[in-house]
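Read through the structure below, which is laid out as structure tokens, and then see the notes.
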Amino acid sequence: MQVEKLKKDFCELFGVEPLIIRSPGRVNIIGEHTDYNDGFVLPAAINKAAYLAISLRTDDEIHLIAQNLNEKYSIKIDDLKPDKLVNWPNYILGVVDQFSKRGLPLKGFNAILNSDVPMGAGVSSSAAVECATAFGLNELLNTNLSRLELVNIAQKAEHEYAGVLCGIMDQFASAMGKKDQVMKIDCRSLDFEYVPFNLNGIKILLLNTNVKHTLALSAYNTRRTECKQAIEWIQEFIPQISTLRDVNIEMLNMYVLPKNAVVYNRAKFIIEELNRVENACQDLKNDDVKSLGKKMFETHDGLKNLYEVSCKELDFLIDSVKNKTEVIGARMMGGGFGGCTINLVKEEKLEELINQIKPAYEEKMNLPLSYLIATIENGTEIIY
């Protein structure tokens, strides 16, 4: 229904039938903040997506409509630059800019964006839009770029136009997802494998704090700098070390802890989290969801106490479920300081759990608690 309305609106407005791309948000089962440290992550594409209807123009003008926001935006290709006043066009324009920087032929285009990926919830609403745009332009301009090249274009758009120095995970998961599979991604080599995620009788429940985080304005980039600082201190003694992926606790104790306890804690979390991702994949292969859930709780503890990217709302939600037998595992997900918790919940207790937590959270935090039951779906695809 959503797609049919998008197509109808586009035809009425622009007089041509559009190409329509569906590009999903993502969850990350485990492996938080490890992507920009060249580590491993375990994400999956979900059943909430950005839908982009797009067609080429005969001139060099770009006309954009964000249906959810009821906003319009226009610019000429020659005038491309990040908009400092309105944020949402930057996710599209940043992709156009990357096509331009690669010397690819460009034309103006019309596009209508409609998305049901919650914004600011840590499920990568921005990556969904970037990947939709990259796939749409690749198809319409016949540039024949590979999926991996489109992932890189989408990531660079986020860096240069949205100002967030994100790792590769969000765009990779959005573009490369496969139904009922999680992806173990090596963020250094970009090698990846699909791991079956068959949790019979268990559902993925996302609880949205409705605390809005803006990663570019948060401590996200600071955390990257702190991780980089740890590496630089270690490199003074072991020059061949280039990322935290190559570091062990002994190195941290020797070269980082004496200099700065905060930087030590940041790096310690990353090293421990990398080990958890490796072991979590084995848990899935062994059908040992209980062990996976335990690691998720450990991740949240590290994000709260070592990496310090949680907040009282996220912690309340985790504290509310950690002693409930129907909750196999839970943690905050995404950049931090708001957004969602991801919970693995026994299906027969799902409704009861929501009915308990929602009023308790809303009374305590004076904020609405929204939720999403996520299923794992295919990545970015042209659907019309």
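The values are calculated or read from the model by the stated rules, or taken from the named source; none is laboratory data. Computed from a predicted model, the values in this text were never measured in an experiment. No Cβ is skipped: glycine too gets one built from the backbone with ideal geometry, and neighbour counts run over all protein chains shown. Side chains are part of the model used for accessible areas, which takes the heavy atoms of the whole protein and leaves out ligands, DNA and RNA. Shrake-Rupley method; radii C 1.70, N 1.55, O 1.52, S 1.80 Å.
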- Item | Overall Cα dimensions of region 94-248 - principal axes, largest extent first, Å | 53, 49, 33
- Provide the per-residue ³J(HN,Hα) series for region 318-327, in order, calculated from phi with Karplus coefficients 6.51, -1.76, 1.60 and θ = phi - 60°, each as a whole number of Hz, with x at glycine and proline positions. 5, 4, 6, 10, 5, 9, 8, 5, 6, 9
- Dipole of the chain, Cα-centred, from +1 at each Lys and Arg C-beta and -1 at each Asp and Glu C-beta, to the nearest 20 debye? 260
- Message: Just to verify a number: what accessible area does PHE197 come out at with the full protein assembly present, 1.4 Å probe, Å² rounded to tens?
- Response: 20
- Output ordering of 232-240, 58-66 (per-residue mean of other Cβ within 10 Å, highest first) is 58-66, 232-240
- Query: Using helices alone, what [θ] at 222 nm do you get for the chain, with -39,500 (n - 2.57) per DSSP H run of 4 or more residues, divided over all residues and rounded to the nearest 500?
  - Reply: -12500 deg cm²/dmol
- Task: Using only the Cα atoms of the chain, construct the convex hull and provide its projected area averaged over every direction, in square nanometres to one decimal.
- Result: 19.5
- Computed accessible area, LYS364, all protein chains, 1.4 angstrom probe, square angstrom: 140
- Query: So what is the orientation-averaged projected area of region 236-330, using the convex hull of its C-alpha atoms, in nm²?
  - Reply: 7.4
- Message: I'd like to check one number: the per residue accessible area of the chain, probe 1.4 Å, reported in Å² as a whole number.
- Response: 42
- Given charges of +1 on the Cβ of Lys and Arg and -1 on the Cβ of Asp and Glu, with all other atoms neutral, how large is the dipole of region 128-197 about its Cα centre, in debye to the nearest 20? 120
- Classify region 1-117 as rounded, prolate or oblate from the Cα gyration tensor: take a ≥ b ≥ c as the square roots of its eigenvalues, call it rounded if a/c is under 1.5, otherwise prolate when a/b beats b/c and oblate if not. oblate
- Item | Within the chain, percent of DSSP bridges classed antiparallel, to nearest 5 | 90
- Accessible-area order (highest first, 1.4 angstrom probe) of the listed residues ARG266, ARG245: ARG245, ARG266
- Go through region 376-384 residue by residue and turn each phi into a ³J(HN,Hα) via Karplus (6.51, -1.76, 1.60, θ = phi - 60°); whole Hz please, and just put x for glycine and proline. 8, 10, 5, x, 3, 8, 7, 10, 8
- Would you mind giving the average projected area, over all directions, of the Cα convex hull of region 17-70 in nm² with one decimal? 6.4
